[in-house]
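Have a look at the structure below, then the notes.
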Amino acid sequence: MKSAVFCAFLLHVALLLTQCRSISEDPDSIVARVNQSTLTVGELEAELAAAALPSATPQMKKDRVSDWIRTELLYQEALRLNLDSDVKTVRDLEKMRREHLANVVLEHMAADSAIVVSDEEVEAYFEANRQEFVYPEPELRVSVIVLSDVTTARQVRNQLARRSATFEELARTRSIHVSSADGGDLGFLKRTDISDVSVQEIVFSLSAGQVSRPVLSESGSFIFRVAERREAGTLPPLDEVRGEIVNRVLRDKRRDLVRRFVDALRQAADVEIHDENLMRPEPDAP
């Protein structure tokens with residue numbers, strides 16, 4: 001029981017809405033109360049915004065309030081048991097406080113440092129790390145038209161064969177699949193993205209531009225088209241992986257910025273390491 005209460009107490013430190021307040025608050029602003037602690041509308045909205053939920057549904061708000069009440073109950077019980085004066089608890093809380101403030105310093109530093117990734121840097125990274133972007137297995141850009149029955153599917157397949165309408169047009173007007181709005185486009189798929197092994201074989205046997213015969217399943221009749229093939233071992237165009245490269249370069253630049261920042265702090269500080277104490281053998285247990 002003590003362990004559960006202690007864990008809940010530590011969790012309380014990470015929540016912003018568990019600050020004790022007097023019940024003299026404006027009653028119209030109070031969402032919940034546990035003994036002398038209150039949760040206000042402003043605090044709830046601030047917490048939801050911090051969690052990237054500014055447009056939370058009523059149920060989501062109720063769930064947040066329930067979480068606050070649960071945490072507050074456990075927090076107050078921890079205080080009643082004097083767990084806040086426990087030596088290990090105090091040490092753990094101080095460690096959490098120090099680590100949090102250290103991270104806040106880094107966040108402020110990163111916010112004040114405008115890091116830019118140029119096109120030249122993206123191209124240089126791509127050239128230096130080409131092998132990392134090579135397709136390890138074949139990928140196909142697949143489109144689909146799904147019809148309710150095989151007779152309709154055969155009619156649509158004949159339209160495609162006669163070229164009386166394009167695949168995209170028929171997908172938009174006839175397909176019952178959710179991809180119809182995108183002309184049936186499913187994007188690039190690997191074999192493992194298709195759960196049915198028999199469908200895998202049919203789709204991956206198609207050449208670029210080729211359309212399959214109707215494929216019957218429990219959920220309807222499918223007509224597949226392969227728009228493009230990426231064979232294993234081929235390199236994607238730079239524009240396709242540009243976003244990933246920008247993120248990688250940004251990550252490396254931020255790491256370097258943090259390293260240089262900490263090095264500068266260390267140079268300006270009085271830092272000592274006593275290896276003789278660090279490596280001192282542990283005393284023999286009695």
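Residues in the range 198-250 that are touching a Lys or Arg at 6+ places or on another chain (Cβ under 9 Å) and within 16 Å of Asn129 (Cα to Cα): Leu235, Pro236.
Of all positions in the range 153-162, none carries a residue that is under 20 Å from Ser179 (Cβ atoms), assigned by TED's automatic domain parsing to the domain that holds Ser217 and outside any helix (DSSP H, G or I).
Yes or no, residue by residue, for (1) touching a residue at least 40 places away in the same chain (Cβ under 8 Å); (2) within 19 Å of Leu170 (Cβ to Cβ); (3) of a type outside the set (D, E, K, R):
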residue	(1), (2), (3)
Val203	yes, yes, yes
Leu235	yes, no, yes
Leu238	yes, no, yes
Leu257	yes, no, yes
Arg260	no, no, no
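Among residues of the range 214-228 that are within 13 Å of Ala153 (Cβ to Cβ) and without any contact (Cβ under 8 Å) to a residue 24 or more places away in the chain, those with a Cβ under 9 angstrom from a residue that is small (Gly, Ala, Ser) and loosely packed, with under 12 Cβ neighbours inside 10 Å, sequence gap 6+ or separate chain, pair up as Val215/Ser198. Please work out if Ala165 is assigned by TED's automatic domain parsing to the domain that holds Gly220, over 28 Å from the mean Cα position of the chain (by Cα), at pLDDT below 95 and of a type in the set (A, V, I, L, M). Taking the combined requirement at face value, the residue satisfies it.
One residue stands out among those in the range 137-152 that are among the charged types (D, E, K, R) and either part of a strand (DSSP E or B) or free of Cβ contacts under 8 Å to residues at least 12 places away in the same chain (or both): the one that is farthest from Lys190 (Cα to Cα), which is Arg141.
Within the range 120-133, being surrounded by 10 or more Cβ atoms within 10 Å (Cβ to Cβ) and either assigned by TED's automatic domain parsing to the domain that holds Phe188 or outside any loop (DSSP other than H, G, I, E, B) (or both) holds for Glu121, Val122, Glu123, Ala124, Tyr125, Phe126, Arg130, Glu132, Phe133.
The values are calculated or read from the model by the stated rules, or taken from the named source; none is laboratory data. A quick note: this is a predicted structure, and the numbers were derived from the prediction, not measured. Neighbour counts are summed over all protein chains in view; Cβ atoms, including those assigned to glycine, are modelled from backbone coordinates with ideal geometry.
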